[in-house]
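Here's the structure, in structure tokens; my notes come after.
Where a number appears in this text, it was derived from the coordinates with a stated rule and is not lab data. These numbers were taken from a predicted model, which means no experiment stands behind them. Don't worry about glycine lacking a Cβ; one is built from the backbone with ideal geometry, like all the others, and counts go over all protein chains shown.
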Amino acid sequence: MTSTIAPHQLYRAVLRQFVQNSIHPRASRSPTISLHLRQLFETARTLEPGSAELKKLVLDAQNMVVYLKSHRLHKALVERYNPTNTLSGEERARMSAKMVGLDMPAKFADGVAPSMEAGRPAGMGKGAKKGTGSLQTMFSPES
């Protein structure tokens, strides 16, 4: 933007950027920002054209527009290239493990103690043949 832009055009540009950056729907958006901006630009109407104060206001408004555009672009890039940014710590750890080819262990329900029986193969445990499934039977010369 150049310094020859009229204050009312800058007001619309700044307001447009605030609307585009807003995360709230229009109905629940606070009107204080737009009211404050309107008051700020209403004072610009009373300033003499070409005065130092008006030039400073125009420069500040231009910087605000550039900042808001840049902020929105940065947010979009972070969401695009770092999708785990908005996840909780647990979800981020799970996604990181998946990235390197691992799965997170299953969680137990609250109040339920883990048992050793749950991880055994079907043939193991009570009623299994004695000597089956052990290291001795695996490497014995008889088999």
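Is segment 1-87 best put as rounded, prolate or oblate by its Cα gyration tensor, with a ≥ b ≥ c the root eigenvalues, rounded for a/c under 1.5, and otherwise prolate when a/b is larger than b/c, oblate when not? It comes out oblate by the Cα gyration axes.
Annotation: peptides 73-83, 15-25, ranked by per-residue average of other Cβ atoms within 10 Å with the highest first, follow the order 15-25, 73-83.
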